[in-house]
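Novice: What follows is a structure written as structure tokens; I'll ask about it next.
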Amino acid sequence: MSLPNYMEPVDDVNNNNNGETDNNENENNNNMNGGASFGDEEFDSENQEYGNTQDPRAAKRKRYHRHTQQQIQEMENFFKECPHPDDNQRKELSRQLGLDHLQIKFWFQNKRTQNKNHQERHENLQLREENTRLRADNHHFREGLANASCPNCGGPTAVGEMSFEEHHLLLENAKLTEEIRQLSEVAKYTGKAVMRYPVLPTPNQAPPFEPPMITNGSLGSVKEADKPLLIELAVGAMSELIALAQMNEPLWKEGVHGMILDLNEYTRNLQNGLGPKPVGFRTEASRETAIVFMRHMEIVHRLMDVNLWSTMFAGMVGRAITHDTLLTGRQGNLDGTIHLMTAEFQVLSPLVSNRECYFVRYCKQHGEGLWGVVDISIDHLIPNLEPKCLRRPSGCLIQDMPNRVSRVTWVEHVEVDDGGELHAMFKHLLNSGQALGANRWLSALDRQCERLAIMMAPNIPSIEPGGQITVTNNAKQSLLELVERMSRGFFDGVTTSNADIWMNLGGYTGDSVKVTTRTSLNDPGRPEGLILCAAHSFWVPAPPTTVFDYLRDENNRVNWDVLFLGGNPQKLTHIFNGRDNRNCVSLLRSPNTSQSEMMMIEKSSTEPAASFLVYAPVDVPSMEKVLNGGDPKYVPLLPSGFAILPDGTAQPGKAGGSLVNVAFQMLVDSYPSGSLTFSSVSTIESLILAAANKIKACFTQQTP
């Protein structure tokens, strides 16, 4: 089959000087369609090319001639290599083939046009076939839906047979029926009646935003129709978090304790999703960046699991609950997950009230190895609630780094209403942002990452003075697990949770010691009975590191610990769980022979924003079980100790003082229903004040 020739009308020679644009090709193609016949012919344009216009009729007369098969084949071969020859290439082809260079030019233009048309026809044919297949699939699916039933509610699912509202009600009814069935099963064993569910509104009602109900401090789930509002709030908070984490001056300014937010620049440049700051509220806003020894996905997982989160930040997060999941992550990961949560943020002192917040937490992946987790309050959306703390977009960006580490940028932005109840001793600490600012969160994260890495080590470093006992690596891990539970018990005993009532018992104690009681029943981690907790805060004129080193020195222990009045404690093992040697766990024995059946387990821990010394007596049989591989969860503990915080007055070149918060716990009755006695309150008050006064006296004497 012979290849076709292409014809070029000589009238277009002067209109196509040197360009080879798409417009030229379209104009030429239009000229061909306007009357030039297709075939193995080419008109002779020699007279027109050289401007021979003596005879007007000769100018209009068109003379055609055919290209030879050799010429066509040569141009076809060249076209495969170069569809767009330049002027020099066209002239060379015209010399080789004996054709005018304009003939070469038009041939290539027409060839490109023909290929383009052929490609379009081929694509149109494929689209028609795809359209036919989709129509057939659509018809097949419609036939299947006509006879299908919903697996959840059992109703029909055919399009048009029921409205969206009716289908939604059927699903809701099936869900409630299943919940009632489950509650009925529980009622068989508990003997409690199943609560009645309220009547749902009919589909034609369109109530305004109805936030989840709060009953006895518990936040219910969110209605399906209200989720878009909270999701939109979370997405906007994530955008603001990214901006806060990436922008520098003038939005952020260097402060004494890190980067501080310029509120005027914030109001001017960023969208306030929560509106203006409420009257009477003060702002705490800070940013900090650090490298922590943990993989980025492990950090994300711990932030999105409420139990792991509250455990990792046990000294800062009290009660925490995830009430509902508004969105779940895609492809089985946490990307796009949104939780509805409640949490109490705490300062380790009975003189500072906890900050309770209702918020949504949003997790989002922003690129390879880069994740963000952000919180934003919804307190302002809940009627009849007077919020005391609002979390503007706060959270962190987590960037994966080599060598199993992550780069974390933390932003903390809250507005707090102290209600005139802020204790003067803690005013500077809270106003400086050191209590619950970004630096405090990030230093706590870094310390916990360090601790977890050491717990997973195949050989945990330790010292056994005198070689009295041999502690295996498994026993060391059990001891480290035991002291973490002990630390959480101490934090519970030194803070004012909204679930507890701290008071000064009239006629029992002075104003400086706060007391509360708790009952322990069927809790293997605490002795059963009535537990008395006492806490006290005081200031000393020495920096926190100095106070911490004094308290952890066993030679000073006889000054404040009644369990070691007979002399200095005997150290059986000393386990290191941090880069700083002061981060350690010790097992002690009293030199007092009357206390030979008791041991003391102690944990000392320090970080830039806080230091702790926590201890608890343990009977020898229980400790031997732990050392032999027993479960540390079943060792009853009543932890006591000290939390040492900066007083917030430190300046460059000038050290500030320390806020020392001490808490003691005592079992006053082996029956949970027992009553508090004057002697028990008097005893714990005298112990805690004696320890505090001796510590204050020591540092008062050292002050010039």
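Novice: Are any of the residues in segment 425-438 at pLDDT below 90, surrounded by fewer than 22 Cβ atoms within 10 Å (Cβ to Cβ) and under 28 Å from THR337 (Cα atoms)?
Specialist: No, because not a single residue in segment 425-438 is at pLDDT below 90, surrounded by fewer than 22 Cβ atoms within 10 Å (Cβ to Cβ) and under 28 Å from THR337 (Cα atoms).
Novice: While we're here: Could you tell me which numbered condition ASN581 fails, if it satisfies all but one of (1) more than 35 Å from the chain's Cα centre (by Cα); (2) without any contact (Cβ under 8 Å) to a residue 24 or more places away in the chain?
Specialist: So the condition that ASN581 fails would be (1).
Novice: Condition test on GLY656, is it crowded, with 18+ Cβ neighbours inside 10 Å, over 33 Å from the mean Cα position of the chain (by Cα), in a loop (DSSP other than H, G, I, E, B) and among the small types (Gly, Ala, Ser)?
Specialist: Against the criterion (crowded, with 18+ Cβ neighbours inside 10 Å, over 33 Å from the mean Cα position of the chain (by Cα), in a loop (DSSP other than H, G, I, E, B) and among the small types (Gly, Ala, Ser)), GLY656 qualifies.
Novice: With LEU551, LEU530 as the choices, which residue is in a strand (DSSP E or B) and at pLDDT 80 or above?
Specialist: LEU530 is the lone residue from the list that is in a strand (DSSP E or B) and at pLDDT 80 or above.
Novice: OK, next. Return the residues of segment 252-304 that are assigned to a loop (DSSP other than H, G, I, E, B) and out of contact with any Leu (no Cβ under 9 Å at 6 or more places or on another chain); say none if nothing qualifies.
Specialist: Once the filter is applied, which keeps residues that are assigned to a loop (DSSP other than H, G, I, E, B) and out of contact with any Leu (no Cβ under 9 Å at 6 or more places or on another chain), segment 252-304 yields VAL256, HIS257, GLN271, ASN272, GLY275, PRO276, VAL279, GLY280, ARG295.
Novice: Counting only residues that are among the acidic types (Asp, Glu) and in contact (Cβ under 8 Å) with a residue 60 or more places away in the chain, give me the strands (runs of 3 or more DSSP E) lying completely in segment 305-420 with at least 1 of them.
Specialist: It comes to 317-327, 338-345, 355-367, 370-377, 394-401, 405-416.
Novice: Further question on the same structure: For segment 619-641, which residues satisfy the criterion of being part of a strand (DSSP E or B) and either of a type in the set (Lys, Arg) or modelled with pLDDT of 90 or more (or both)?
Specialist: SER640, GLY641
Novice: Further, regarding this structure: Going by what's in this entry, would ASN459 be described as over 30 Å from ASN628 (Cβ atoms), surrounded by fewer than 19 Cβ atoms within 10 Å (Cβ to Cβ) and of a type in the set (S, T, N, Q)?
Specialist: no
Novice: For segment 40-144, which fully contained helices (runs of 4 or more DSSP H) count at least 3 residues that are at pLDDT below 80 and touching a helix residue (DSSP H, G or I) at 6+ places or on another chain (Cβ under 9 Å)?
Specialist: So the answer is 46-49, 56-60.
Novice: Please determine, by comparing only the residues of segment 663-678 that are over 33 Å from the mean Cα position of the chain (by Cα) and closer than 27 Å to ARG552 by Cβ, which one is surrounded by the most Cβ atoms within 10 Å (Cβ to Cβ).
Specialist: Top of the filtered list is GLN665.
Novice: So PRO646 passes all but one of these: (1) at pLDDT below 90; (2) buried (at least 22 other Cβ atoms within 10 Å of the Cβ); (3) within 32 Å of the chain's Cα centre (by Cα). Which condition number does it fail?
Specialist: In the conditions (1) at pLDDT below 90; (2) buried (at least 22 other Cβ atoms within 10 Å of the Cβ); (3) within 32 Å of the chain's Cα centre (by Cα), PRO646 misses (1) alone.
Novice: Applying the selection to segment 238-283, what residues are among the β-branched types (Val, Ile, Thr), surrounded by 16 or more Cβ atoms within 10 Å (Cβ to Cβ) and farther than 30 Å from GLY653 by Cβ?
Specialist: Passing the criteria: only ILE242.
The values are calculated or read from the model by the stated rules, or taken from the named source; none is laboratory data. Since we're looking at a predicted model, the values are computed, not measured. Reconstructed Cβ throughout: ideal geometry from the backbone, glycine too, with neighbour counts over all protein chains shown.
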